[in-house]
Amino acid sequence: MASVSVRLQGHGLWRRWLRHVWLLSLCCHLLPAQAALPTDERRALVVALCTQPAAYRATLDRVVQAVVGSSAEDAAWGQALLKGLADVALVCREQGGPVFKRADGHVDAATLQAVSEAVDELPMVPSLVLARLLKTSQAEAELFSPDVGTRRAAAQRISQAYAQINEPLVRQALAKASDPEVVATLELALAKRQLASDNAQDRIDAIRALTNAPSEATRTLLSNHLEANPAMDGPEREALVQALAGIDRALKLGQIGSIAFSGLSYAGVLLITALGLSIVFGLLGVINLAHGEFIMLGAYATFVVEKWLQAYAPGWFDAYVFLAIPFAFVVCGLIGIVLEMTVIRHLYKRPLETLLATWAVSIALIKLVQIVFGSQNVEFITPSFLQGGVQVSAGFFITWNRVFAIALALAIFGATYGLIRHTRFGLLIRATTQRRDTARALGLPAPTIDRLAFGLGSGLAGLAGVVLTQIASVNPSMGTSFVVDAFMVVVLGGAGSLVGTAVSSLMLGEVNQLIEPFYGAVAAKVAVLLLIVLIIQRRPQGLFALKTRS
């Protein structure tokens with residue numbers, strides 16, 4: 001028992017001794033790092049920035065080292081110096097030393113203490129060289145920020161200014177980095193810088209590293225390196241050729257994905273703008289030239305909701321898009337019902353008069369909105385959850401506002417299809433569409449169904465306006481550019497066919513976006529029109545003609 005006790009005491013002594021050694025080593029490590037720069041050295045660094053352009057790089061590197069070091073006093077001084085240079089607040093006076101100009105006076109550039117004497121000199125305006133180096137130095141300092149968003153933004157700036165970076169400092173930041181995005185960006189920046197190395201193996205390693213980050217910028221960098229070094233040795237040239245081939249393949253795949261996504265996004269816009277018109281045109285046979293203006297009214301209804309939330313409920317501001325959906329639908333639906341009761345119902349089976357009447361209504365609505373809101377574009381603040389996007393691959397970037405447009409278009413289509421196919425109201429609409437006279441003879445209120453159907457189509461047009469506020473310009477004339485495309489979708493898909501509207505939207509959207517990047521928007525429109533003409537010649541009722549009984 002005694003031997004066990006002695007053994008335990010010995011273990012305790014060893015643990016206490018190791019703890020003391022660890023604390024001593026930690027203190028020895030921290031004590032020199034906490035020592036602040038002498039005032040004379042700080043002042044010499046500031047004077048060098050004022051008088052020695054050749055020393056800009058070395059001086060800023062020393063300032064950044066002070067910012068990222070362990071001394072809180074040095075970090076505060078270094079940040080103040082970088083901010084003072086960026087804000088054009090450094091006064092390089094000869095008598096009394098440099099000072100910073102602030103709103104409440106001047107402070108000494110070395111001690112940050114207030115200066116009592118008057119300062120008549122103007123602040124120094126950084127040269128272009130100093131301004132570029134300053135931005136790089138600020139990015140290097142921000143690599144050590146506790147905020148991951150700041151570190152990511154700084155890493156992107158470092159990658160862009162790779163030729164000017166302090167490589168040892170960036171490698172220090174890379175060793176401490178834990179965020180995968182920051183790590184990948186810094187590794188890319190170092191690989192770009194290593195491409196100019198005098199060592200052939202280092203250049204080959206850089207080329208292979210750049211292959212893992214394919215982009216147009218990377219391809220241009222490697223192509224320029226190939227052109228600038230026609231006499232490079234065999235292994236390096238082989239690695240470079242293989243890298244360029246791999247980047248080209250990645251960019252080609254990214255371009256295909258981008259075109260497909262753009263076509264899907266445009267198809268979503270076409271679907272949501274044509275959905276209401278498909279119901280009105282298919283059921284009532286009304287050529288409603290005011291359909292585009294109902295889209296515009298939906299956009300302005302969204303604008304009203306946005307401004308109201310901004311003024312009275314700012315905490316709910318990001319939700320204005322969702323709150324605008326029912327509001328725009330109800331407003332546009334009620335206006336559509338009023339229009340049907342006052343104008344449209346008197347002009348059934350008179351297509352020419354209906355055409356002229358709805359054209360006049362469209363002009364009246366445009367002028368009314370111009371009187372109330374003005375003729376200029378109205379600005380929308382994109383909700384935070386719709387800002388930005390995600391990089392899927394090289395050359396393929398998905399934006400959240402486009403994803404939202406596609407998702408909402410699919411949701412509205414699904415709701416409309418369910419309403420038409422699986423509700424009593426939809427059954428009444430389909431009965432009236434297939435044989436109006438028989439439906440009326442059976443006691444169905446055909447005029448009421450017509451009125452509600454027109455209101456439904458107008459409300460759906462208003463929902464299209466809600467979506468377009470996030471991806472298009474909103475002004476009183478915005479509907480004109482969408483009504484023609486909506487009619488093309490409806491005619492191609494088949495009047496009154498929701499499935500036909502969806503299929504034709506997808507077809508026209510993908511064809512348009514497939515041709516436009518290579519031959520321009522005009523050629524894409526011409527190709528779409530030719531496609532419609534060819535299909536209509538073979539299927540005059542559209543791809544999915546609505547079945548009726550004679």
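The values are calculated or read from the model by the stated rules, or taken from the named source; none is laboratory data. Quick caveat: nothing in here was measured; it's all calculated off a predicted structure. A quick note on method: Cβ atoms are made from the backbone with ideal geometry, for glycine too, and the neighbour counts reach across all protein chains shown. Note: areas computed on protein heavy atoms with side chains; ligands, DNA, RNA excluded. Shrake-Rupley method; radii C 1.70, N 1.55, O 1.52, S 1.80 Å.
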Checked pairs for segment 88-114, first in contact (Cβ under 8 Å) with a residue 60 or more places away in the chain, second assigned to a loop (DSSP other than H, G, I, E, B), C-beta under 6 Å and 6 or more apart or across chains, list as 109/98
Can you name the number of the only condition in (1) part of a helix (DSSP H, G or I); (2) open to solvent by 40 Å² or more (accessible area, probe 1.4 Å); (3) without any contact (Cβ under 8 Å) to a residue 60 or more places away in the chain that residue 359 fails?
(3)
Of all residues in segment 251-270, how many are in contact with a Ser or Thr (Cβ under 7 Å, 6 or more places away or on another chain) and open to solvent by less than 50 Å² (accessible area, probe 1.4 Å)?
4
Only helices (runs of 4 or more DSSP H) wholly contained in segment 1-84 count here; list those with 1 or more residues that are modelled with pLDDT of 85 or more and open to solvent by 100 Å² or more (accessible area, probe 1.4 Å).
39-51
Which members of segment 480-503 meet the condition of being within 21 Å of residue 404 (Cβ to Cβ) and crowded, with 23+ Cβ neighbours inside 10 Å?
482, 486, 489, 501, 502
Checking residue 167 against (1) more than 22 Å from the chain's Cα centre (by Cα); (2) surrounded by 14 or more Cβ atoms within 10 Å (Cβ to Cβ): exactly one of these is not met. Which one?
(2)
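On the given criteria, is residue 397 among the aromatic types (Phe, Trp, Tyr), closer than 30 Å to residue 542 by Cα and not in a loop (DSSP other than H, G, I, E, B)? Give the steps one after another, and end with the answer.
Details: among the aromatic types (Phe, Trp, Tyr): yes; closer than 30 Å to residue 542 by Cα: no; not in a loop (DSSP other than H, G, I, E, B): yes.
In short, no.
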State the number of residues belonging to segment 412-429 that are under 19 Å from residue 500 (Cα atoms) and either aromatic (Phe, Trp, Tyr) or open to solvent by 60 Å² or more (accessible area, probe 1.4 Å) (or both).
6
Residue list for segment 179-208, restricted to those being over 19 Å from residue 156 (Cα atoms), open to solvent by 70 Å² or more (accessible area, probe 1.4 Å) and not polar (S, T, N, Q):
196, 198, 208
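For residue 155, indicate whether it is under 22 Å from residue 220 (Cβ atoms), of a type outside the set (Ser, Thr, Tyr), assigned to a helix (DSSP H, G or I) and open to solvent by less than 60 Å² (accessible area, probe 1.4 Å).
Numbers: under 22 Å from residue 220 (Cβ atoms): yes; of a type outside the set (Ser, Thr, Tyr): yes; assigned to a helix (DSSP H, G or I): yes; open to solvent by less than 60 Å² (accessible area, probe 1.4 Å): yes.
Considered against the rule, which asks whether it is under 22 Å from residue 220 (Cβ atoms), of a type outside the set (Ser, Thr, Tyr), assigned to a helix (DSSP H, G or I) and open to solvent by less than 60 Å² (accessible area, probe 1.4 Å), residue 155 comes out as yes.
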Cβ pairs under 9 Å, 6+ apart or interchain, first in segment 296-314 and touching a residue at least 40 places away in the same chain (Cβ under 8 Å) and of a type in the set (Asp, Glu), second surrounded by 15 or more Cβ atoms within 10 Å (Cβ to Cβ) and in a loop (DSSP other than H, G, I, E, B), ordered by first then second residue, are 306/380; 306/469
Just give me the residues in segment 439-457 being outside any helix (DSSP H, G or I) and either among the small types (Gly, Ala, Ser) or within 26 Å of residue 486 (Cα to Cα) (or both), in sequence order.
443
Restricting the search to segment 332-350, which residues are at negative phi and open to solvent by 80 Å² or more (accessible area, probe 1.4 Å)?
334, 338, 341, 342, 345, 346, 350
Inspect all residues belonging to segment 412-420 and state whether any of them is at pLDDT 90 or above, over 23 Å from residue 293 (Cα atoms) and of a type in the set (Ser, Thr, Tyr).
yes
Could you list all residues from segment 438-469 that are open to solvent by 20 Å² or more (accessible area, probe 1.4 Å), modelled with pLDDT of 85 or more and either hydroxyl-bearing (Ser, Thr, Tyr) or within 26 Å of the chain's Cα centre (by Cα) (or both)?
448
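Taking segment 89-119, which residues are open to solvent by 60 Å² or more (accessible area, probe 1.4 Å) and in a loop (DSSP other than H, G, I, E, B)? Spell out the reasoning first.
Quick first cut of segment 89-119, residues open to solvent by 60 Å² or more (accessible area, probe 1.4 Å) only: 94-95, 101-104, 113-114, 116-118.
Residues satisfying the conditions are 94, 95, 103, 104, 113, 116, 117, 118.
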Kindly list the number of the only condition in (1) of a type outside the set (Val, Ile, Thr); (2) out of contact with any Pro (no Cβ under 7 Å at 6 or more places or on another chain); (3) more than 30 Å from residue 212 (Cα to Cα); (4) open to solvent by less than 70 Å² (accessible area, probe 1.4 Å) that fails for residue 379.
(4)
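Open to solvent by less than 40 Å² (accessible area, probe 1.4 Å), in contact with a Ser or Thr (Cβ under 9 Å, 6 or more places away or on another chain) and at pLDDT 85 or above: does that describe residue 509? Spell out the reasoning first.
On the way: open to solvent by less than 40 Å² (accessible area, probe 1.4 Å): yes; in contact with a Ser or Thr (Cβ under 9 Å, 6 or more places away or on another chain): yes; at pLDDT 85 or above: yes.
So residue 509 passes the test.
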Which of the residues belonging to segment 287-300 are open to solvent by less than 10 Å² (accessible area, probe 1.4 Å) and of a type outside the set (D, E, K, R)?
288, 290, 291, 292, 294, 295, 296, 298, 299, 300
Considering residues of segment 132-152 that are in contact (Cβ under 8 Å) with a residue 24 or more places away in the chain and open to solvent by 40 Å² or more (accessible area, probe 1.4 Å) only, the residue nearest to residue 213 (Cα to Cα)
152
Does any residue of segment 121-141 turn out to be within 30 Å of residue 182 (Cβ to Cβ) and touching a Gly at 6+ places or on another chain (Cβ under 8 Å)?
yes
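Could you grab me the full set of residues in segment 271-283 that are within 14 Å of residue 484 (Cα to Cα) and open to solvent by 10 Å² or more (accessible area, probe 1.4 Å)? Steps first, please.
Applying the first criterion (within 14 Å of residue 484 (Cα to Cα)) to segment 271-283 yields 271-278, 281.
Correct list: 271, 281.
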Picked from segment 318-353 (must be over 21 Å from residue 445 (Cβ atoms) and without any contact (Cβ under 8 Å) to a residue 40 or more places away in the chain), the residue farthest from the chain's Cα centre (by Cα) is 350
Restricting attention to segment 214-236, and to residues there that are without any contact (Cβ under 8 Å) to a residue 40 or more places away in the chain and open to solvent by less than 40 Å² (accessible area, probe 1.4 Å), which single residue is farthest from residue 184 (Cα to Cα)?
232
